[in-house]
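The values are calculated or read from the model by the stated rules, or taken from the named source; none is laboratory data. Please read these numbers as outputs of a predicted model, since none were measured by experiment. Methodologically, a virtual Cβ is constructed for each residue, glycine included, from the backbone with ideal geometry; neighbour enumeration extends over all protein chains shown.
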Amino acid sequence: MEIGTRIREYRQANGMKQEALAAACKVSRQTVSNWERNKTLPDIASLKAIATAFDTSVDALIGNDAPHIIERFDADSRRFLAIFFLMQVCWVSSYLLRLFAANAPNHEEELSIAVAEAFVLGIWIMSLIPYLRYTRRNGLKTIGDISAHLLEHMQQEKSLGMRLTRSILSHIYVWNWLLCDAMMLIALAGAGWLTPLSAIITIAASSLIAIIGRHADRWLNR
């Protein structure tokens, strides 16, 4: 693996200090030092920033390290995907637990649900730290950014699980819309308010929110 050596050679040839390269890549000087000593690999966003700073191409930087870097991006993306889906599961679980708590028949069951909710919240908070670190490092602001990033960085596989995952990511707004609809309908059913009219109003309102969210996403990505 020689990418760190090439980064150091390009930096020295351009008369640039590690601090200046770190500022251009929006990372710490220690991170640049780790790259140059081949202790860590820069992510795709950093590679693009490095190539821009040195007026070269990403291909020239990575050279023969391309297969290794692709594997690294794939592994990092899969770890982030697991965190992303885990946070979604925690969010849905917390919502359902709150509904159960509202209809708990006695104090003991309420307490059990509260303990379960605290456990779910703890998992969500633990997942939030690596989630924020990854999204900030890769400049991911919206759910559309996340799905596009994962589709770009995960290697193609023919397994059923990966095909399903890529299908969900490709239609992330549709799946989010369906999830929100299901959760709202469950809440209405739990409250005893679910009627054909309330179901239609709920689906229409969530569709409108989904459309507004999609346009807001496009506006943020301009």
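When you look at His149, is it of a type outside the set (Val, Ile, Thr), under 30 Å from Ile44 (Cα atoms) and touching a residue at least 40 places away in the same chain (Cβ under 8 Å), yes or no? Considered against the rule, which asks whether it is of a type outside the set (Val, Ile, Thr), under 30 Å from Ile44 (Cα atoms) and touching a residue at least 40 places away in the same chain (Cβ under 8 Å), His149 comes out as yes. Residues that are farther than 26 Å from Gln18 by Cα, surrounded by fewer than 13 Cβ atoms within 10 Å (Cβ to Cβ) and free of Cβ contacts under 8 Å to residues at least 60 places away in the same chain do occur in segment 59-68, at least one of them.
Checked against the criteria, Asp145 does not count as under 30 Å from Cys25 (Cα atoms), in contact with a helix residue (DSSP H, G or I) (Cβ under 7 Å, 6 or more places away or on another chain) and not hydrophobic (A, V, I, L, M, F, W, C). Residue count for segment 45-57 satisfying the condition of being assigned to a helix (DSSP H, G or I) and buried (at least 16 other Cβ atoms within 10 Å of the Cβ): 7.
Here is a yes/no grid of residues against (1) at pLDDT 85 or above; (2) over 23 Å from Tyr95 (Cα atoms):
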residue	(1), (2)
Tyr134	yes, yes
Ser167	no, yes
Ser170	no, yes
Leu178	no, no
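Leu96 meets all of the listed conditions (1) surrounded by fewer than 16 Cβ atoms within 10 Å (Cβ to Cβ); (2) more than 15 Å from the chain's Cα centre (by Cα) but one, namely (1).
Determine if segment 153-167 includes at least one residue that is under 17 Å from the mean Cα position of the chain (by Cα), part of a helix (DSSP H, G or I) and within 23 Å of Val58 (Cβ to Cβ). Yes, that holds for at least one residue.
Working only within segment 101-142, note down all residues that are β-branched (Val, Ile, Thr) and surrounded by 14 or more Cβ atoms within 10 Å (Cβ to Cβ). Across segment 101-142, the qualifying residues are Ile113, Val120, Ile123, Thr135, Thr142. In this entry, Phe73 is excluded by the filter for residues that are surrounded by 13 or more Cβ atoms within 10 Å (Cβ to Cβ), at pLDDT below 85, more than 11 Å from the chain's Cα centre (by Cα) and more than 30 Å from Trp35 (Cα to Cα). The set of residues in segment 1-39 that are aliphatic (A, V, I, L, M), out of contact with any helix residue (DSSP H, G or I) (no Cβ under 6 Å at 6 or more places or on another chain) and either in a helix (DSSP H, G or I) or free of Cβ contacts under 8 Å to residues at least 12 places away in the same chain (or both) comprises Ala13, Ala20, Ala23.
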